[in-house]
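The values are calculated or read from the model by the stated rules, or taken from the named source; none is laboratory data. Because the structure is predicted, anything quoted here is derived from the model rather than measured. Quick reminder, even Gly has a Cβ in these numbers, built from the backbone with ideal geometry, and neighbours come from all protein chains shown. Accessible surface is based on the protein model in full, side chains and every heavy atom, while ligands, DNA and RNA are left aside. Shrake-Rupley method; radii C 1.70, N 1.55, O 1.52, S 1.80 Å.
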Amino acid sequence: MNRKRKLQQLLKSLVQPLTAVLIGLLTGAVAISLVGASVLETYKVMWDGAFGNFYFVTATFARATPIILIGLGLAIAFRAGVFNMGAEGQMVLGAVSAALAALYVPGSGIIKILAALAAGFLAGGLWSLLAGWMETRFKVQLLISTLLLNYVAVLFAGYLVSHPFQDKSGSAALAQTPMIDQVAWLPKLFPGMSVHMGFVIAIVLAIILFIILRFTSAGYEVRMLGYNPFFAEYGGINKIKVLLYSMFFSGGIAGLAGTVEVLGSQYRYVEGSLTVPGYAWTGLMAALLANSNPLGTAVASILLAALQTGAMGMERNTEVPLEIASVIQGVLILFVTAKITMNWWKVKKKGRDIHGAA
Amino acid sequence: MELLDLSFFTSAIRMISPILLAALGGALCARVGIFNVGLEGLILAGAFSAIVGNYYSGSVLVAVLTGALGSVLVSLLFGLAAIRLKANPIVAGIAINFLVLGLTTFGLRAIFDVKGAFYDKNMEGLPKLDIPVIEGIPVVGKLLSGHSPLVYIAFLAAILLYIFFYRTVTGFRVLAVGKNEAAARSLGLKVTLLQYGAIVACGILCGLAGAQLSLGQVTMFTEGMTAGRGFIALVAMMLGQSHPIGIVGSSLLFGLMDALSIRLQGFSMPTQFTAMLPYIITIFAMFFLKDRGADSQLSGQQSSR
Amino acid sequence: MTYVLEMKEMTKKYGEFLANDKISIHLKKGEVLAIVGENGAGKTTLMRMLYGLEQPTSGEIILNGRNVKFSGPLDAIENGIGMVHQHFMLFSDFTVTENIVIGHEPKRNGFFNRKAAAEKVKELSDQYKINVNPLKKAGDCSIGEQQRIEILKVLYQGADIIILDEPTAVLTPLEVEELLKTIEFLALQGKSIILITHKLPEVMKVADQITVLRNGRVTGNVLKQHTDVEQLATLMVGRELQKLTQRVQLDGEPLLVVDNLTIGGKEEKPILDDLSLTVHRGEIVGIAGVSGNGQSELILAITGLRKIDNGSIRLGETILDGTSVANRRSAGLAHIPEDRYLWGAAKEATVEETGLMGYYRKKTFNQSSFIRLNGFRELLKGWIDRFEIKTPSLDEKSGNLSGGNLQKLIVARELGFETDFLIAAEPTRGVDIGAMEYIHEAIIEKRNNGDGVLLVSSELTEILTLSDRIAVMYEGKIVDILNRKEATEEKLSVLMAGGN
């Protein structure tokens, strides 16, 4: 009985995202037909590009890694009821700090890695905390301030790698740091494949966060704050403290996203390497798609990453342009919070609402 | 080169028009209770469709109109999600930004078969309007005359919007919807219609903003050419408290900052720091926003869902 | 016999749920019809159908002999039906005039003519002897004034039939008197009034005809001269009301001691002005007062939800002022908040999560910061049994519970802390009589156990029924404290209005 209810609830919570995915794919189909390609074949090529063989699967996982971490970070903030739009800046600052830590902290590989992880986490976390502090202390709207801080962070990171810490070794003066010593690289999971240890870190973190949010008192406080801050305060939850912690971890994990990209795949901070692929926005979408459930966020991130790697495969093998993926993603998110529900359910719910109000 | 000369101010005036137009559009949405984060996407849609219109018709007027139309269509899609389907407006707005970025890049490939940017030397840009009397006045003439028509339209739109809000019945009702939607509904006001009206008007304004971007200076379209202007417009809107005159003020501030950051590059400052300036100043400006709480409910910070 | 309005066999189904079951009412010109019933009896649904906000499943509405169907409020308004909602539908930033004319604004050359509007409002206000200041901001008006704006609005819209939904719930006794006079005057002028309420004494004062609803059905339709309060109450509840548990005489030591509490206001007048108050063990102290005289702030100050400018708050031996909400709660303070949806619960949270607030910190349910849900569920089920809280499951969203059931959950949670001291603010607002009896019982029981209770309520009957002593608040001060024996509704009304 109880299990049946639970299953029903699970199914009900999946209806919304699945409908959105369907509408997204339908829109994609329309766009594909517009350029005159076969819809089914194109989607087949996309699927193969994402999951076609072991190599592509690992490539998808590699791409998903920063997206999962960003999504997890944002999920914490969303759960606490704050709209952190600053993942991009937090990630970039994390990445550049991690790169510098790995370059300049003396010691063995493991020490460098740990220092880089700590630096990345702290940089992202503190940057995010700044926005949280401005909100709680001066009521500067977080939604807007995080957005603005993105520009500042990205420009500042750009300054660091084009002036004081620029890699001068190459002939062309690119805006990037020198390469990190190989001992401080995060190991690849399989030789010759792009997926690295960061993916494991991301998945483990997803599980940990799921447990914390679901079963611990800290998680309860975060959730209640997000549901109704007045209720939280009334019940003795320290609103400001929980909000600041949430923002710190939210930004910190976004910083980790940048960190593992640097340590696991770029081996240096290259300007634009994290912002151009739109990891931050994709992570945001993953968190929204999964309604800020950490495990769901991980799954959604992998799916969105698959959409992107699939689209790259599609571009290699067909005439259909890569941007189909952004179109599908955009439509998907557009409809993910939309109330597309079946009629019977609506009527039933309405009846209950009125009963409650009467 | 002097830091602040006349051309500095004329360039500032030129730069504010897209921000001003879009911010006014955003204000209309805010006034009917919809926080529109999708301004960036709407401007981009306008910029792209203006170029498409220009390319196929060869007429600047048609180009501006198609720009507005393209933006209106996207705007309606946003309205469909946010009003009809009751999606979270912030999420829908973010989606719109992403969607339009994808659609325009896709369009560049599908229509013009190019990547990154499209330029055609046969395309004609917006004309410069010389205003008869003012043109003759020494300093003021240079400052105020010789801009594209859309620059003047932007300022005109602000004045019209002011009159609309505070002198007309429909404007009064629009304000009512934003203040208390439930009450407006219970009075039998056509809330949904007013909301769609505001969203369409916002689309037109953002479309014009986009047209100014793609036809105003160099007649071309580049991928993501809005470069965050939609978000700046959003901030300008909040800084101006969704009041048309306030928005003119805050847009002027951004225009000046923008122009200043470009000008400062000539003074051997790292470009990153000059480019940062508008954002940092905006953050500081937000500290002094009075009545900051009023809009915070609007933006639905309470919960992401 | 001609009726201006008849509703015949009105039925409304929401899925399985039958909100209205063949309800019929009729109304003559110049008549006052009272529709009475508990919360959930179907009064609101019936009126929403009349006002076009809901479509009936079956049944017909006959207006002035014509069969009508309203697709929305606009239809109803155009047909001369006006509604004064329980929660005022006002724009606080707009002026009184703007609030009244909205929807039918006078124009000149296409522009909004605010001057003509103000003149019209003045005229209307004189004609019906309803006093307002046309140029004041609605947000600056008192509750009574706001209600007058609402009444003028429906008159301005040309209503001949005026629905008043629980109009007296928010008013002071004096304002109630005034409203009842206005209702009588309007009826005299030929307006027909439908009064939705559960307050029977008022019904007996102004109504000509009374229709009683229970569980979506009509249980009685009587003329005023043929009935009395007791009969109406029985028709409403379907059974006799219980007598409350006897109170045991207790002489406890001081428990809550508030000294010289001051909270400054935005302008010159402080919100709380050097207020001192003591609640003893085994005592219920009721705070009477017109809402907005500092009662809410007093509660927030004691519970730690609002900063104070001066004074001290002590609970037993513990100093409360300056400490956190959590500290105060663990020092022995429980709190039934005045607004259950704002403070008392989170609509999105499950019943279990709403119940868990505060308990998740207790050692019994918290094992090295992992919440022991199984243990807590037993406790929660106990509450649900004891208070007969109706919920489909523990996973139901709190917002889906009816107001009364959610209130019972909150009351159960706060009583469950078994603290020495309880603040009960509007503990029975918007709950039905059955739930009200439960809650009153529980509060008296707590008092009889030797705990202290501070009761704040806008219902004088509630204050008079429960309190051992009654403190009257006016403009941030306690103007008088009366003993249970000497307090009467009349005395309190005078004190609440600032008199002696």
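Quick notes on this structure:
- Pick from the range B:211-231, criterion within 11 Å of the chain's Cα centre (by Cα) and either among the acidic types (Asp, Glu) or farther than 15 Å from B:Arg14 by Cβ (or both), ranking: modelled with the highest pLDDT: B:Gly230
- Extreme residue, farthest from the chain's Cα centre (by Cα), among residues of the range C:52-64 that are modelled with pLDDT of 90 or more and within 14 Å of chain A (Cβ to nearest Cβ): C:Thr57
- B:Gln241 vs. criteria open to solvent by 30 Å² or more (accessible area, probe 1.4 Å), at positive phi and either under 16 Å from the mean Cα position of the chain (by Cα) or touching a residue at least 12 places away in the same chain (Cβ under 8 Å) (or both): yes
- Under the condition of being open to solvent by 30 Å² or more (accessible area, probe 1.4 Å), within 14 Å of chain A (Cβ to nearest Cβ) and out of contact with any strand residue (DSSP E or B) (no Cβ under 7 Å at 6 or more places or on another chain), the residues counted in the range C:308-332 number 4.
- Number of positions in the range A:94-133 that are within 14 Å of another protein chain (Cβ to nearest Cβ) and open to solvent by less than 10 Å² (accessible area, probe 1.4 Å): 3
- Conditions (1) crowded, with 24+ Cβ neighbours inside 10 Å; (2) more than 14 Å from every other protein chain (Cβ to nearest Cβ); (3) over 19 Å from the mean Cα position of the chain (by Cα); number of the one not met by A:Val270: (1)
- All conditions but one from (1) farther than 25 Å from C:Arg281 by Cα; (2) at pLDDT 90 or above; (3) polar (S, T, N, Q) apply to C:Ser393; the one that does not is (2).
- Residue within the range A:238-245 that is within 14 Å of another protein chain (Cβ to nearest Cβ), of a type in the set (Phe, Trp, Tyr), open to solvent by 20 Å² or more (accessible area, probe 1.4 Å) and more than 17 Å from A:Phe210 (Cα to Cα) present: no
- Residues in the range B:83-93 that are within 7 Å of chain A (Cβ to nearest Cβ), out of contact with any helix residue (DSSP H, G or I) (no Cβ under 7 Å at 6 or more places or on another chain) and part of a helix (DSSP H, G or I): B:Ile90 alone.
- Of the residues making up the range A:1-56, those that are among the hydroxyl-bearing types (Ser, Thr, Tyr), within 26 Å of the chain's Cα centre (by Cα) and within 14 Å of chain B (Cβ to nearest Cβ) are A:Ser13, A:Thr19, A:Thr27.
- Any hit, the range A:163-178, residues being open to solvent by 30 Å² or more (accessible area, probe 1.4 Å) and modelled with pLDDT of 90 or more: no
- For the range C:465-485, the candidate set comprises residues that are without any contact (Cβ under 8 Å) to a residue 60 or more places away in the chain and either open to solvent by less than 50 Å² (accessible area, probe 1.4 Å) or not in a strand (DSSP E or B) (or both); within that set, the residue that is nearest to C:Leu277 (Cα to Cα) is C:Leu482.
- Failed criterion for B:Leu99 (all others in (1) within 12 Å of another protein chain (Cβ to nearest Cβ); (2) open to solvent by less than 20 Å² (accessible area, probe 1.4 Å); (3) closer than 15 Å to B:Thr219 by Cα hold): (3)
- Residue among C:Gly144, C:Gly139 that is at pLDDT below 90, assigned to a helix (DSSP H, G or I) and over 22 Å from C:Ala34 (Cβ atoms): C:Gly139
- Qualifying positions in the range C:159-177 - touching a helix residue (DSSP H, G or I) at 6+ places or on another chain (Cβ under 8 Å) and at pLDDT below 90: C:Asp165, C:Pro167, C:Thr168, C:Val170, C:Leu171, C:Thr172, C:Pro173, C:Leu174, C:Glu175, C:Val176
- Being out of contact with any His (no Cβ under 8 Å at 6 or more places or on another chain), within 14 Å of chain C (Cβ to nearest Cβ) and either open to solvent by 10 Å² or more (accessible area, probe 1.4 Å) or not in a loop (DSSP other than H, G, I, E, B) (or both) is a property that B:Leu156 lacks.
- Among residues of the range C:489-500 being surrounded by fewer than 16 Cβ atoms within 10 Å (Cβ to Cβ) and in contact (Cβ under 8 Å) with a residue 24 or more places away in the chain, the one that is nearest to C:Lys269 (Cα to Cα) is C:Gly498.
- Residue within the range B:60-76 that is open to solvent by less than 10 Å² (accessible area, probe 1.4 Å) and within 14 Å of chain A (Cβ to nearest Cβ) present: yes
- Of all residues in the range B:84-94, those that are over 21 Å from B:Arg229 (Cα atoms) and open to solvent by 20 Å² or more (accessible area, probe 1.4 Å) total 4.
- Note on the range B:193-212: residues that are open to solvent by 30 Å² or more (accessible area, probe 1.4 Å) and over 14 Å from B:Cys29 (Cβ atoms) amount to 1.
- Subset of the range C:4-25 that is away from every other protein chain (no Cβ under 14 Å), part of a strand (DSSP E or B) and farther than 16 Å from C:Lys43 by Cβ - its residue that is least open to solvent (accessible area, probe 1.4 Å): C:Glu6
- When residues in the range C:249-288 are screened for being closer than 23 Å to C:Thr419 by Cβ and not acidic (Asp, Glu), 21 of them pass.
- Residue match in the range C:136-146 (condition: touching a Leu at 6+ places or on another chain (Cβ under 8 Å), away from every other protein chain (no Cβ under 14 Å) and open to solvent by 50 Å² or more (accessible area, probe 1.4 Å)): yes
- Answer residue from the range B:115-138, given it is at pLDDT 80 or above and not in a loop (DSSP other than H, G, I, E, B) and is surrounded by the most Cβ atoms within 10 Å (Cβ to Cβ) among those: B:Phe118
- Among the residues making up the range B:94-114, those that are assigned to a helix (DSSP H, G or I) and more than 16 Å from A:Gly24 (Cα to Cα) are B:Thr104, B:Thr105, B:Gly107, B:Leu108, B:Arg109, B:Ala110, B:Ile111, B:Phe112.
- Helices (runs of 4 or more DSSP H) contained in the range C:333-429 and holding at least 1 residues facing chain A (nearest Cβ under 9 Å) and open to solvent by 30 Å² or more (accessible area, probe 1.4 Å): C:373-387
- In the range C:103-123, the residues that are in contact (Cβ under 8 Å) with a residue 24 or more places away in the chain and more than 10 Å from every other protein chain (Cβ to nearest Cβ) form Cβ pairs under 8 Å with partners that are part of a helix (DSSP H, G or I) and crowded, with 18+ Cβ neighbours inside 10 Å, at six or more places apart or across chains, as follows: C:Lys120/C:Val101; C:Lys120/C:Tyr156; C:Val121/C:Val96; C:Val121/C:Thr97; C:Val121/C:Ile100; C:Val121/C:Val101; C:Val121/C:Leu152; C:Val121/C:Tyr156.
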